[in-house]
Amino acid sequence: MATPRSKIVDLDVTRWYHCISRCVRQAFLCGGAHTSRKEWLEQRLEHLAKHFAIEIAGYAILDNHLHILLRVDVEVADRLTSREIANRWGQIYPPRNKSRRAVSISEQWLENRCQDYHWIETRRARLKSLSWFMKCLKEELARKANKQDGCSGAFFEGRFKSIPIEDEESLLAVCTYIDLNPFAAGISKLPEHSPYTSLKYRVSRARQSVRIKDFNSGGRREILARNKMRAIEKDQWLCPLERVDSSDLERNGMLPGLSLGIYLKIIDFAARQFREGKARLDAGIANIFDRLSCDFDHWSGTLAKICTGAWRQRTQRAPKPAALATA
C-alpha cells in the first residue's frame, strides 16, 4: 500500500523536495519525434513558477521521466492577499464561459472570488502544495499529448516520488545530480550541453549578460560578475543559486555563497567521478571554463572545501541516498 503524501511531505521538517515522475510503463513518450513535449514541460514549469508559492531550483526533462527540485515557500503563500490568490489561480486555471472556453480574468470575476473566503483559503493551500503543483504540471502535458496522438488515458504514472532533502549538503548533491542526469545517461557529451536542464538554462542566461570567465578571474571582476548575476537571477523564473541573508528580498536563493562560478566547478568535478553504469568526463577533457571559451587558472578554496570535504563524505556513506540512487 502506497504511503500517503501527507506522511511524506512535512514542511515543518524541510521545505525542499526532489520530485520524480515517470511516463506510464516507462515508455519514451517525450523522446524521438515527440521532443517538443519537453519544450511544453519546460514552458509549463516557467508558467507555474510565476504563480505557485513554490520555487524551482533544478530540473531535468528526459525521454521517459523528469526530475524537479522544489522548495515550498509557505510564508509567501500565507502573506498573499485575496486578490493575489484569485489572480494567480486564474492564471493557472483561467475562468471559462458557458461554452467552456477560457476567457480573460475580469474585475467582476476577481471581486466575486475575493468575497468567497472558503474558495480563497482552499486555493491558498493549493498554491503551496507539491501535489497540486505536480498535478498542474503533468495534467496539461497529458491533455496536449493525448490530443496529438488521438488517444485517451494516462500519460504519467499515477504517483510521483517526493524525496525530502533535510540538509544543505544533500541539497547541493541532489541539485548537481539532477543537472548531470542527461549527461550520466549518455544523452549529451558534455554536462553544460544537456538539453532541457536547469544547468543549460542558467548558463544560457549568464552568457547573454556576463562573461563567465569573470566568475573565475578573482578580484574585482569576479565580484562584479557575481553581483550582476544576482540581479539577473532575481528576475528569472528559476530559483537563484545564491542565498543572501536579507529580509528585503522577495525571493531568495538556495545556499549562501553558491555563485554560478562555484556551481559550474562542482558540476565539472562531479561529472568526472566514477559511477557504475553512468557516463563520466575523461580526465583529458578540458574543464568547464575552457569548454565555455574561458581561461581557467585554478579551482578555488571554496570548491575544495565543498567537493573534497562534504561531497566525498556523502558519497562514502552507506547506504547510498535514495535521491542519488534513482536512475
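The values are calculated or read from the model by the stated rules, or taken from the named source; none is laboratory data. Fair warning: this is a prediction, and the values are worked out from it, not measured in the lab. Ideal geometry is used to build each Cβ from the backbone, glycine not excepted, and the neighbour counts take in all protein chains shown.
Residue by residue, here is whether (1) without any contact (Cβ under 8 Å) to a residue 12 or more places away in the chain; (2) among the β-branched types (Val, Ile, Thr); (3) out of contact with any Gly (no Cβ under 9 Å at 6 or more places or on another chain) holds:
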{"site": "ASP78", "(1), (2), (3)": "no, no, yes"}
{"site": "GLU84", "(1), (2), (3)": "yes, no, yes"}
{"site": "ILE92", "(1), (2), (3)": "no, yes, yes"}
{"site": "ASN97", "(1), (2), (3)": "yes, no, yes"}
{"site": "LEU110", "(1), (2), (3)": "no, no, no"}
{"site": "ILE120", "(1), (2), (3)": "no, yes, yes"}
{"site": "ARG126", "(1), (2), (3)": "no, no, yes"}
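Looking at region 178-194, can you tell me whether even one residue there is surrounded by fewer than 17 Cβ atoms within 10 Å (Cβ to Cβ), over 22 Å from the mean Cα position of the chain (by Cα) and not aromatic (Phe, Trp, Tyr)? No: region 178-194 contains no residue that is surrounded by fewer than 17 Cβ atoms within 10 Å (Cβ to Cβ), over 22 Å from the mean Cα position of the chain (by Cα) and not aromatic (Phe, Trp, Tyr). The residue of region 106-142 that is surrounded by the fewest Cβ atoms within 10 Å (Cβ to Cβ), among those that are farther than 23 Å from GLY158 by Cα and charged (D, E, K, R), is GLU107.
On the given criteria, is ILE92 modelled with pLDDT of 95 or more and more than 21 Å from PRO240 (Cβ to Cβ)? Criteria met by ILE92. Listed by first and then second residue, the pairs linking a residue in region 147-162 that is touching a residue at least 24 places away in the same chain (Cβ under 8 Å) and part of a strand (DSSP E or B) to a residue that is among the aliphatic types (A, V, I, L, M) and surrounded by 12 or more Cβ atoms within 10 Å (Cβ to Cβ), with Cβ atoms under 7 Å apart and 6 or more places separating them unless they lie on different chains, are PHE156/VAL24; PHE156/ALA142; LYS161/ILE20; SER162/ILE8; SER162/VAL9; SER162/LEU130. Against the numbered list (1) surrounded by 21 or more Cβ atoms within 10 Å (Cβ to Cβ); (2) not in a helix (DSSP H, G or I), ALA77 comes up short only at (2). Taken over region 210-244, the criterion of being modelled with pLDDT under 75, closer than 26 Å to HIS51 by Cα and in contact with a Lys or Arg (Cβ under 7 Å, 6 or more places away or on another chain) is satisfied by ILE232 alone. No other residue among LEU110, LEU141 is assigned to a helix (DSSP H, G or I), among the aliphatic types (A, V, I, L, M) and in contact with a strand residue (DSSP E or B) (Cβ under 9 Å, 6 or more places away or on another chain) apart from LEU141.
Selection of region 1-38 for residues being of a type in the set (D, E, K, R) and either assigned to a helix (DSSP H, G or I) or farther than 22 Å from VAL74 by Cβ (or both) yields ARG5, LYS7, ARG22, ARG25, ARG37, LYS38. Each residue in region 113-128 was checked for being among the aliphatic types (A, V, I, L, M) and either in a helix (DSSP H, G or I) or at positive phi (or both), and 2 of them qualify. Of all residues in region 261-284, which are modelled with pLDDT of 85 or more and not in a loop (DSSP other than H, G, I, E, B)? Matches in region 261-284: ILE262, TYR263, LEU264, LYS265, ILE266, ILE267, ASP268, PHE269, ALA270, ALA271. Taken over region 1-54, residues that are free of Cβ contacts under 8 Å to residues at least 40 places away in the same chain and over 30 Å from GLY150 (Cβ atoms) amount to 6. Examine region 86-94 for a residue that is surrounded by fewer than 20 Cβ atoms within 10 Å (Cβ to Cβ), of a type in the set (S, T, N, Q) and assigned to a helix (DSSP H, G or I), and state whether such a residue exists. Yes, there is a match, as at least one residue in region 86-94 is surrounded by fewer than 20 Cβ atoms within 10 Å (Cβ to Cβ), of a type in the set (S, T, N, Q) and assigned to a helix (DSSP H, G or I).
Just for region 155-175: of the residues that are charged (D, E, K, R) and closer than 24 Å to LYS138 by Cβ, which one is modelled with the highest pLDDT? Only one residue fits best here, namely LYS161.
Quick one: would you say ILE8 is surrounded by 13 or more Cβ atoms within 10 Å (Cβ to Cβ) and within 27 Å of GLY90 (Cα to Cα)? Considered against the rule, which asks whether it is surrounded by 13 or more Cβ atoms within 10 Å (Cβ to Cβ) and within 27 Å of GLY90 (Cα to Cα), ILE8 comes out as no.
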